[in-house]
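Structure first, then comments.
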Amino acid sequence: MFVLSKLVWMVAQPLSLVFLLGCVAWLLGVLSWRRSAAGLLATALLVLFATLYTTLGAFLLQTLEARFPRPSSDPAALSCMIVLGGAFETEVTTARGGIELNQSADRFVEALRLALLHPQAKILVSGGDGSLSGAYEGDAAASQRFFGAFGLSQDRLVMETTSRNTDENAKNSRQVLADNGLTDCLLITSAFHMPRSVGLFRKAGLAVTPWPTDFRTTGKATLALDFTQPTLNAQHMATATREWLGLVAYWALGRIDAVFPAP
């Protein structure tokens, strides 16, 4: 299922879908099925226009981000936190070492901030190598260098190094938490990723407190044309599409109990 999900996303992400539709339209044109070719080409151009030149991606993304609002104040006490992987450029760190963070870096920056506020809190980092090749170190391994660089003792870290996706994050973390006697943890991940994450952790029988971070939108986006930032619009559309498809797929497979888990 892991490999299948990766292959499906290669095709389903908006720009790849546009290319595939264009190729099929060209083939239909060669076969003289001009009406079908024209219809597919029009669909491809419409998807491309919506992806590059509208705020649809941001609108879909902020809907996800708004589902679990961040608490208005820091926790008064904190015994543990779960940080989901996905914040390190593991292909680069495997080749070069060091610490190379990506757009989801706020997950680990926020965990570090809370760890400094609550010196007794344990940090469970859940994240192995999520690539198809399995040739890279995971976020859990890279995070040891990250937290160590800021003086956190290694005995505060609990590593879950085998999960490749969010479903495995939840299932594998359940056993790690039980082995270490940890309960009632904060769950730290990107805000857009929180609905699916909470749904999976609930299904795994784990009580967590959502702690969203890494917000990508202002929360004020409306559906509109936007010709000023096509690259960013495409990024928002890809991120939102992947997350919404993940929610629907996980619900259809019975891995979460609702299409759009709520607080």
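Taken together, Leu27, Leu17 contain a single residue that is aliphatic (A, V, I, L, M), farther than 30 Å from Ala258 by Cβ, in a helix (DSSP H, G or I) and more than 19 Å from the chain's Cα centre (by Cα), which is Leu27.
Anything in the stretch 44-80 that is not in a helix (DSSP H, G or I) and not polar (S, T, N, Q)? List them, or say none.
Initial filter on the stretch 44-80 (not in a helix (DSSP H, G or I)): 54-55, 66-80.
Selection gives Ala66, Arg67, Phe68, Pro69, Arg70, Pro71, Asp74, Pro75, Ala76, Ala77, Leu78, Cys80.
From the list Ala135, Ala141, Ala115, Ala95, the one residue that fits, being at pLDDT below 95 and under 19 Å from Ser153 (Cα atoms), is Ala141. Restricting attention to the stretch 206-222 and to residues that are hydrophobic (A, V, I, L, M, F, W, C) and surrounded by 12 or more Cβ atoms within 10 Å (Cβ to Cβ), the residue that is nearest to the chain's Cα centre (by Cα) turns out to be Phe215.
Matching residues to (1) among the β-branched types (Val, Ile, Thr); (2) more than 15 Å from Leu187 (Cα to Cα); (3) surrounded by fewer than 15 Cβ atoms within 10 Å (Cβ to Cβ):
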residue: Gly98; (1), (2), (3): no, yes, yes
residue: Asn102; (1), (2), (3): no, yes, yes
residue: Arg107; (1), (2), (3): no, no, no
residue: Ala115; (1), (2), (3): no, no, no
residue: Ser126; (1), (2), (3): no, no, no
residue: Ser131; (1), (2), (3): no, yes, yes
residue: Ser143; (1), (2), (3): no, yes, no
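Beta carbons closer than 7 Å, at least 6 apart along the sequence or on distinct chains, never pair a first residue in the stretch 1-16 that is closer than 17 Å to Trp244 by Cβ and not assigned by TED's automatic domain parsing to the domain that holds Gly246 with a second that is modelled with pLDDT of 85 or more and of a type in the set (D, E, K, R). Answer yes if at least one residue in the stretch 237-250 is free of Cβ contacts under 8 Å to residues at least 24 places away in the same chain, surrounded by fewer than 20 Cβ atoms within 10 Å (Cβ to Cβ) and out of contact with any Phe, Trp or Tyr (no Cβ under 9 Å at 6 or more places or on another chain), and no otherwise. Checked the stretch 237-250: at least one residue is free of Cβ contacts under 8 Å to residues at least 24 places away in the same chain, surrounded by fewer than 20 Cβ atoms within 10 Å (Cβ to Cβ) and out of contact with any Phe, Trp or Tyr (no Cβ under 9 Å at 6 or more places or on another chain). It is to be established whether one or more residues within the stretch 77-90 are of a type in the set (A, V, I, L, M), surrounded by fewer than 16 Cβ atoms within 10 Å (Cβ to Cβ) and under 17 Å from the mean Cα position of the chain (by Cα). No, there is no match, as no residue in the stretch 77-90 is of a type in the set (A, V, I, L, M), surrounded by fewer than 16 Cβ atoms within 10 Å (Cβ to Cβ) and under 17 Å from the mean Cα position of the chain (by Cα).
Test of understanding: among Ala170, Ala191, Ala224, Ala204, which residue is over 24 Å from Cys80 (Cβ atoms) and touching a residue at least 24 places away in the same chain (Cβ under 8 Å)?
Ala224
Going by the structure shown, is Ala262 in contact (Cβ under 8 Å) with a residue 40 or more places away in the chain, assigned to a helix (DSSP H, G or I) and either within 20 Å of the chain's Cα centre (by Cα) or within 25 Å of Tyr136 (Cβ to Cβ) (or both)? Spelling it out, it is not the case that Ala262 is in contact (Cβ under 8 Å) with a residue 40 or more places away in the chain, assigned to a helix (DSSP H, G or I) and either within 20 Å of the chain's Cα centre (by Cα) or within 25 Å of Tyr136 (Cβ to Cβ) (or both).
The values are calculated or read from the model by the stated rules, or taken from the named source; none is laboratory data. All of these numbers come straight from a predicted model, not from anything done at the bench. All Cβ positions, glycine included, derive from the backbone under ideal geometry; neighbour counts span all protein chains shown.
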